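Undergrad: Below you will find the structure I want to go over with you.
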Amino acid sequence: MSDITQSGPVLAADGTPLKRSLSRALRMQKLRALMLIAPLLLFILVTFILPVGDMLFRSVENGIVRDTLPRTVEALADWDPASGELPEEAVFAAMAADLQIAAEEKTHTKVAKRLNYENPGVSSVFRKSGRKVSKWDLATDGPFREKLIDIDKGWGDIELWRTIKTYSGQITSGYFLNAVDMQLGAEGPEIRPENERIYNTMLIRTMRMSLIITFSCILLGYPVAWILANLPARKANLLLILVLLPFWTSLLVRTSAWKILLQQQGVINDTLVWIGLVDDANRLVLINNELGTIIAMTHILLPFMILPMYSVMQTINPSYLRAAKSLGATDWTAFWRVYFPQTVPGIGAGSILVFILAVGYYITPALVGGTKGTFISNLIAYHISTSGNWGLGAALGAILLAVVLLLYWVYDKVVGIDNVKLG
Amino acid sequence: MKLSKLSALAMTTALCAPSAFAEEMANELTLVSWGGAYQASQHKAYVEPYLAANPDVKVVWDESSAEAVAKIRAMNEAGNVTWDLVDVVASDAMRLCDEGLAEELDHDEVLAEAPDGTPASEDFGDLIVSDCFVPQIVYSTTFGYRTDLIDQPDSVCAIFDTEKYPGKRSLQKRPIDNMEWALYCDGVAKEEIYDVLGTDEGVEQALAKLDTIKDQVVWWTAGAETPQLLADGEVVMGSTFNGRLFSAIAEQGQPIGMLWDMQSFDLDGWVVPAGLPADRKARVMDFLKFATDTQRLADQAAYISYGPARASSAPLVGKHAELGIEMAPHMPTDPANAGNVHVYDYEWWADNRDDLDAKFQAWLAK
């Protein structure tokens, strides 16, 4: 009776509230656990999260215009591009002053490169002017409007000034807009002309083909995993080595092997022509298109599907199937109603692995995909290593990351992430 | 007595100073190039004789030229430039120079004169397309064709003539050169190509012309692909670098012919990354002066069929080091081959590349 009437918190033996003393004890434990994982946490933070974060930040970072042309940006604040008139002399004088400093520090070409992404041709206007402007005396050589236009008539183009004004902020949405086939026009964001649209097409194609590859892997991998799981251990291990063998072969070698097999003068076509199934003049086009990418990537990603399915199937007790059959189920019913549902966690794990790997693939599509079978990662790689437009590459990467996370969330809602087993 | 000793000491110190400076050169040199036969030719023509004269130096090759711009930029941002001298194509050199990632050079000061005393800037002439760039070779992107599968083409426009020359063609997966060839074969005069390409209609026209053969084209990204595709019979003609074709024809004896028409001239050369420490820079400059002198550039032509960038090297070009054939007739600069060439406009492409790339990629994906 007495403990019912007692009010206030439950106390520990030493008189402190139980809740507090418990949490103190637990805190020590948590801290110790944290200390244990600290090296790994720090390692991941320093070598993975920070660099990726830094790279993603480039997709909006735009300080270069304001830092290199501070006076011009300030002077342009009052100018209205819609007026249809060139900015006044003060802006040109500010530009001359900015250019002089920038040319000395050799940053005028950097800012030109940034602006050239938005307005082709700006690059050479800046490059041509930099050296000449540095010889001017700012105090006496004005007015600069005619002098600048004299060097390059590009300075007389309103579009150039509009571009500078539009992209003068610290942060820009330009890269992200470009990554979804849009641009900042005179009246805010607008869709790019049709002959420049590409990224949405590529993103959709990447998703669609990755799904096809994932399903092909399920179809091909399921029977293999089933055989592996139902063979005696010794034979299963031998077959498992065959599944793992591709892991020990270089990705480039495997992809090149597909080239030899699939090309029009390749092994498969030669055989078909020799048998007489295919006419010599109409050899099958199996490579440098979507089909080539799907075939090669399905082969390369197949182990990632088979292994989780195999480890899940191994744990399924065969007596369940026997029980189903003894209760009158047909082979198909026993499989579909009893066996298959138990393998879903394996299929789920394999599908997530294969899909996420496929979405980011770029070497194989580049080699066997031609023009119709390349992925968005090929464009990201192109912008990072060839065109040098890291901002656009980062924006595309960020979008790809967001789409994958979104799909992961949808997957969690539909299938449930608890329902995934890697073994 | 004491005084004279002191002054003698001062004298020796003064005399030693220049040599002490010379000793402050780093003994490691990291060179970046393209790998393959081209890098081998550089190694034999420049590096081996340099090492013979400077036995203490160690040279490391890095085959990263294809990603040089991105990597130098990353190194520069990280503040740790590990490369000393980088081989890039001219357009990349311009880009690196624009971004302040490559050192600007006074060519007459840092490079050797021609044997007759002509200053380097005159000897290289117009090929110095950027202040940061030291040209080594002139190469060209030209066409090879299967001699046994199609008739001998006499014009670059054969790539658009699928009736007379049936079969697939390989083209480089970029707008540069392809757009110019398309316009040229669509009747645009050579001098007007860039004016036309500068307009939206011109771009449309070029893409429309390319559209006529789009389903017959295999697009390549690495220079080795076209010779392989030709050898396999996958394509009947294709564009690639002339040195690659030379090696397929002369060294491997493939049934491939070379078409010298409207081939696109391009340059390859060295840039020095910006921000090298003084000792490494001293070593780089010493090597650079040696490796780009008249004799060294002429020697390189004995290993690969690219034309030396110095005018004074041309008369010294001899025979192939192993095959013993005269190299001069295989050079893109040889008068017999240079009858109708296409000179690629660096400035124009530097301005318009991003824009045309977007349009070209969109067209490819359609």
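The values are calculated or read from the model by the stated rules, or taken from the named source; none is laboratory data. Everything quoted here is computed from the prediction, not taken from an experiment. FYI the Cβ positions are ideal-geometry reconstructions off the backbone, even for glycines, and counts take in every protein chain you see. Protein only, heavy atoms only, side chains kept; ligands, DNA and RNA dropped before computing areas. Shrake-Rupley method; radii C 1.70, N 1.55, O 1.52, S 1.80 Å.
Undergrad: Could you check the range B:98-215 for helices (runs of 4 or more DSSP H) lying wholly inside it with 3 or more residues that are within 26 Å of the chain's Cα centre (by Cα) and on the phi < 0 side of the Ramachandran plot?
TA: On the way: elements: B:107-110, B:120-124, B:178-185, B:193-197, B:200-211.
Ranges flagged: B:107-110, B:120-124, B:178-185, B:193-197.
Undergrad: Among residues belonging to the range A:353-377 that are in a helix (DSSP H, G or I) and surrounded by fewer than 22 Cβ atoms within 10 Å (Cβ to Cβ), point out the one that is nearest to the other protein chains (Cβ to nearest Cβ).
TA: Restricting attention to the range A:353-377, the residues satisfying the condition of being in a helix (DSSP H, G or I) are A:353-359, A:363-368, A:376-377.
Next, only the ones that are surrounded by fewer than 22 Cβ atoms within 10 Å (Cβ to Cβ) stay: A:353, A:356-357, A:363, A:366, A:377.
On the way: A:LEU353: 28, A:ILE356: 23, A:LEU357: 22, A:ILE363: 11, A:ALA366: 7, A:SER377: 14 Å.
Only one residue tops the list, namely A:ALA366.
Undergrad: Give me the pairs: first residue in the range B:346-361 and at the interface with chain A (Cβ under 7 Å from one of its Cβ atoms), second residue among the acidic types (Asp, Glu), beta-carbon distance under 6 Å, and six or more apart or on different chains, which are they?
TA: The qualifying pairs are B:ALA358/A:GLU196; B:LYS359/A:GLU196.
Undergrad: Inspect all residues belonging to the range B:102-111 and state whether any of them is in contact (Cβ under 8 Å) with a residue 24 or more places away in the chain, within 14 Å of chain A (Cβ to nearest Cβ) and out of contact with any helix residue (DSSP H, G or I) (no Cβ under 9 Å at 6 or more places or on another chain).
TA: no
Undergrad: What about B:PHE143, is it surrounded by 23 or more Cβ atoms within 10 Å (Cβ to Cβ) and in the same structural domain as B:ALA301 (by TED's automatic domain parsing)? Steps first, answer last, please.
TA: Working: surrounded by 23 or more Cβ atoms within 10 Å (Cβ to Cβ): yes; in the same structural domain as B:ALA301 (by TED's automatic domain parsing): no.
In short, no.
Undergrad: Does A:LEU22 satisfy the criteria of being under 34 Å from the mean Cα position of the chain (by Cα), of a type outside the set (Ser, Thr, Tyr) and more than 30 Å from A:ALA179 (Cβ to Cβ)?
TA: Working: under 34 Å from the mean Cα position of the chain (by Cα): no; of a type outside the set (Ser, Thr, Tyr): yes; more than 30 Å from A:ALA179 (Cβ to Cβ): yes.
So A:LEU22 does not fit the description; no.
Undergrad: For the condition under 24 Å from the mean Cα position of the chain (by Cα), open to solvent by 30 Å² or more (accessible area, probe 1.4 Å), farther than 19 Å from A:GLY346 by Cβ and charged (D, E, K, R), what is the one hit in A:ARG205, A:ARG234, A:ARG197? Step through it out loud before you land on a result.
TA: Working: A:ARG205 fails: open to solvent by 30 Å² or more (accessible area, probe 1.4 Å); A:ARG234 fails: under 24 Å from the mean Cα position of the chain (by Cα).
None of the other options fit; the residue is A:ARG197.
Undergrad: Also: Does B:ASP261 fit the bill of being out of contact with any Lys or Arg (no Cβ under 8 Å at 6 or more places or on another chain), within 11 Å of chain A (Cβ to nearest Cβ) and either surrounded by 19 or more Cβ atoms within 10 Å (Cβ to Cβ) or under 24 Å from B:THR162 (Cβ atoms) (or both)? Spell out the reasoning first.
TA: Details: out of contact with any Lys or Arg (no Cβ under 8 Å at 6 or more places or on another chain): yes; within 11 Å of chain A (Cβ to nearest Cβ): no; either surrounded by 19 or more Cβ atoms within 10 Å (Cβ to Cβ) or under 24 Å from B:THR162 (Cβ atoms) (or both): yes.
Answer is no for this residue.
Undergrad: Report, by residue number, each residue of the range A:106-120 that is at the interface with chain B (Cβ under 7 Å from one of its Cβ atoms) and under 18 Å from A:PHE176 (Cβ atoms).
TA: Across the range A:106-120, the qualifying residue is only A:TYR117.
Undergrad: Okay, moving on. Given (1) open to solvent by 30 Å² or more (accessible area, probe 1.4 Å); (2) within 20 Å of A:ILE158 (Cα to Cα), where does A:ALA96 come up short, assuming only one miss?
TA: Of (1) open to solvent by 30 Å² or more (accessible area, probe 1.4 Å); (2) within 20 Å of A:ILE158 (Cα to Cα), only one is false for A:ALA96: (1).
Undergrad: Output the residue which, of all residues in the range A:387-409 that are more than 13 Å from the chain's Cα centre (by Cα) and surrounded by fewer than 17 Cβ atoms within 10 Å (Cβ to Cβ), is farthest from the other protein chains (Cβ to nearest Cβ).
TA: A:TRP409
Undergrad: For the range B:39-71, which positions are in contact with a Ser or Thr (Cβ under 9 Å, 6 or more places away or on another chain) and in a helix (DSSP H, G or I)?
TA: Within the range B:39-71, the first condition is being in contact with a Ser or Thr (Cβ under 9 Å, 6 or more places away or on another chain), and the residues that meet it are B:39, B:42-43, B:46, B:59-67, B:69-71.
Residues satisfying the conditions are B:GLN39, B:GLN42, B:HIS43, B:TYR46, B:SER65, B:ALA66, B:GLU67, B:VAL69, B:ALA70, B:LYS71.
Undergrad: What are the residues in the range A:8-63 that are aliphatic (A, V, I, L, M), surrounded by 11 or more Cβ atoms within 10 Å (Cβ to Cβ) and in contact with a strand residue (DSSP E or B) (Cβ under 9 Å, 6 or more places away or on another chain), if any?
TA: The answer is A:LEU11, A:LEU18, A:VAL60.
Undergrad: Here is a further query. Tell me which of these B:GLU204 doesn't satisfy, since it passes every other one: (1) open to solvent by less than 10 Å² (accessible area, probe 1.4 Å); (2) charged (D, E, K, R); (3) within 12 Å of chain A (Cβ to nearest Cβ).
TA: (1)
Undergrad: Same structure, new question: Quick one: would you say A:LEU219 is touching a Phe, Trp or Tyr at 6+ places or on another chain (Cβ under 6 Å), assigned to a helix (DSSP H, G or I) and at pLDDT 90 or above?
TA: On the way: touching a Phe, Trp or Tyr at 6+ places or on another chain (Cβ under 6 Å): no; assigned to a helix (DSSP H, G or I): yes; at pLDDT 90 or above: yes.
Answer is no for this residue.
Undergrad: Filter the range B:219-246 down to the residues that are among the hydroxyl-bearing types (Ser, Thr, Tyr) and at pLDDT 90 or above and list them by number. Working first, answer last.
TA: If we filter the range B:219-246 for residues that are among the hydroxyl-bearing types (Ser, Thr, Tyr), which is where we start, we get B:221, B:226, B:239-240.
B:THR226, B:SER239, B:THR240, listed by residue number.
Undergrad: Here is a follow-up. Between A:GLY156, A:GLY142, A:GLY84, which is more than 10 Å from chain B (Cβ to nearest Cβ), touching an Asp or Glu at 6+ places or on another chain (Cβ under 8 Å) and among the small types (Gly, Ala, Ser)?
TA: The match here is A:GLY142.
Undergrad: What do you reckon, is A:ALA324 without any contact (Cβ under 8 Å) to a residue 40 or more places away in the chain, away from chain B (no Cβ under 14 Å), in a helix (DSSP H, G or I) and open to solvent by less than 40 Å² (accessible area, probe 1.4 Å)? I'd like the intermediate steps shown before the answer.
TA: Details: without any contact (Cβ under 8 Å) to a residue 40 or more places away in the chain: yes; away from chain B (no Cβ under 14 Å): yes; in a helix (DSSP H, G or I): yes; open to solvent by less than 40 Å² (accessible area, probe 1.4 Å): yes.
Here the answer is yes, as A:ALA324 does meet what is asked.
Undergrad: If the requirement is being touching a Lys or Arg at 6+ places or on another chain (Cβ under 8 Å) and open to solvent by 30 Å² or more (accessible area, probe 1.4 Å), which of these qualifies: B:ASP84, B:ASP123, B:ASP151?
TA: Working: B:ASP84 fails: open to solvent by 30 Å² or more (accessible area, probe 1.4 Å); B:ASP123 fails: open to solvent by 30 Å² or more (accessible area, probe 1.4 Å).
Answer to the selection: B:ASP151.
Undergrad: Checking A:ILE171 against (1) away from chain B (no Cβ under 14 Å); (2) within 30 Å of A:PHE335 (Cβ to Cβ); (3) open to solvent by 60 Å² or more (accessible area, probe 1.4 Å), only one condition comes out false. Which one?
TA: (2)
Undergrad: Which condition breaks for B:GLN216 when tested against (1) within 12 Å of another protein chain (Cβ to nearest Cβ); (2) crowded, with 20+ Cβ neighbours inside 10 Å; (3) touching a Lys or Arg at 6+ places or on another chain (Cβ under 9 Å)?
TA: For B:GLN216, the exception is condition (2).
Undergrad: With respect to B:MET262, is the statement that it is at positive phi and not in a loop (DSSP other than H, G, I, E, B) true? Steps first, answer last, please.
TA: Working: at positive phi: yes; not in a loop (DSSP other than H, G, I, E, B): yes.
Criteria met by B:MET262.
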